[in-house]
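Computed from the coordinates by the stated procedures, all read-outs in this text should not be read as laboratory data. Note that the structure is a prediction, hence the values are computed from the model and not measured. We place every Cβ from the backbone using ideal geometry, glycine too, and count neighbours over all the protein chains shown.
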Amino acid sequence: MRSQIRILQAELTQPGAVLRMMWVILLAMALAAAQAVQAEARAAPESFADLAEKVSPAVVNITTTTVVAAPTGSGPVFPDGSPFQDFFRDFGSPDGGRPQRSNALGSGFVISEDGYIVTNNHVIEGADEISIEFFSGKKLDAKLVGTDSKTDIALLKVQSDTPLPFVSFGNSDLMRVGDWVMAMGNPLGQGFSVSAGIVSARNRELYGNYDDFIQTDAAINRGNSGGPLFNMDGEVVGVNTSILSPNGGSIGIGFSMASNVVSKVVNQLRDYGETRRGWLGVKIQDITPDMAAAMGLSDAAGAMVADVPEGPARDAGIKAGDVITSFDGATVKDTRDLVRRVADAEIGKAVRVVVLRDGKSETLLVTLGHREEAEATAVPASITSTEPVPSELLGMKLGALTDENRSELGVPAGSDGLVISDIDESSEAFEKGLRAGDVITEAGQQKVASISDLSSRISEARDAGRKSLLLLIRRGGDPRFVALSVE
């Protein structure tokens, strides 16, 4: 050892030896770090057995029973005078003409020791009886606490003499593409089956504005619906809801509703028996690049206000044509982003909403309403087309609104606008979805009441060097903005 030390000391006395030694040490450290990162990236669980054993007691099989009325005229039909006719009249048809019982299977998981259970709405929808089977073999009847069709979530409750094992929700926003996950449930009625895979994608949208699905290649089949998707800490990060499959079986494309959406819904169902989402009271649409160009915006971000019916937004001064760029201190990326932020906000809360109007930002204070109550109100009937005296612009034959056709077209009394009576199917207007019977109420974010008004807006857009003109279209009372080329 002493001789080795002397050799090292001798080498270090050579010119540049210390510098070379430092480079060798740094290179070795860098190589070790790279190998550690590579090992971590490639690391996979040796086994999922410990995790499965830990969470299994909180996962349940769900069996639902629905009573289906027997169809009228059921049973065999025989010619008049047949001896079988008398027999079946006296003793009944093979099914006795009685109502039939239909069973369905699904999965779920316990979230509290006092018996609250989460599953999918479609698992228990229309059920007359709901039976819960636990991993231990214990069976209990469940009662429905509440459902939310928009996220396909249902909350059940069972009564148990002893505290039940349960699992907790994790933070789904922390899940990354490539992370390991484990699914558990009742696929094809097999019961308490485990599958594992990775997060294949995030933020998938399947049904509506409230969606936030985690895509996974962990095997999910019929009967897995309502079951949990776990992270490696045994926390629920998703509720297995649907699959993409040409044959009804798993092909490695499954979808789980993210836990950060589910937990909010579950808390509201537990507290109120229903969801309680915030309501802003605007009809909105995404801003396309051509709409942004027509308004002189630098980028197509935010949510365009197409209409402001009676409600919180109108009371606060928000107007059609405003672009909502911020809600409650957070930047609004698009309509989906705004809808989710508003839905998550507290009912009755006063929030600051920043809008872009005529090229300037304005901040308005809006007191949010209750979406579920607002959605219970009646909606306008669908429109029928009219036959006004036409004039043609931008591939459309147009005529002014009259007292006779306003109510037919779902346009508020006293409103002005132009009715599309016919449209060239090769035109840009037709390509972008405009049809006969639609009403143009604004052009260039100014009201139009006549053909000359629209012609003037087109000329103004051209003179300003703009390539397109923004039109506000109403169909059956529902508004939307469309940008048409004026070149």
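Annotation for residue 202 and residue 179: the two label points, set 7 Å from Cα along the Cα-Cβ direction, are 0.8 nm apart.
Fully extending the segment from residue 112 to residue 270 would add 55.7 nm, taking 0.36 nm per residue of separation and subtracting the current Cα-Cα distance. Measuring between alpha carbons in the structure, the pairs from 319/447; 138/264; 264/360; 54/143; 333/397; 150/432 lying more than 24 angstrom apart are 138/264; 264/360; 54/143; 333/397; 150/432.
Full extension of the chain between residue 393 and residue 464 yields a length gain of 23.6 nm, computed as 0.36 nm times the residue separation minus the alpha carbon distance. Determine which residues of segment 334-355 fall in the zone a paramagnetic label at residue 363 would reach in this model, i.e. backbone nitrogen under 14 Å from the point 7 Å along Cα→Cβ. Residues passing the 14 Å test: 351-355. Spin-label model, residue 188/residue 452: points 7 Å from Cα along the beta carbon direction are separated by 7.4 nm.
Please report the equivalent ellipsoid semi-axes of segment 278-375, computed as sqrt(5 x eigenvalue) of the Cα gyration tensor, largest first, in whole Å. Semi-axes from the Cα gyration tensor: 22, 13, 12 Å. Taking label positions 7 Å along the Cα-Cβ direction at both residue 344 and residue 372, the computed distance is 2.0 nm, reported to one decimal. The residue 67 and residue 139 beta-carbon pair, evaluated with R₀ = 22 Å, returns a calculated FRET efficiency of approximately 0.65.
Post the alpha-carbon centroid distance, segment 449-487 to segment 347-376, in whole angstrom. Using only Cα atoms, the two centres lie 27 Å from each other. Residue separation of residue 428 and residue 101 scaled by 0.36 nm, minus their Cα-Cα distance, works out to 112.2 nm of gained length. For the pair residue 416 and residue 125, a Förster radius of 60 Å applied to the C-beta separation gives a FRET efficiency near 0.85, rounded to the nearest 0.05.
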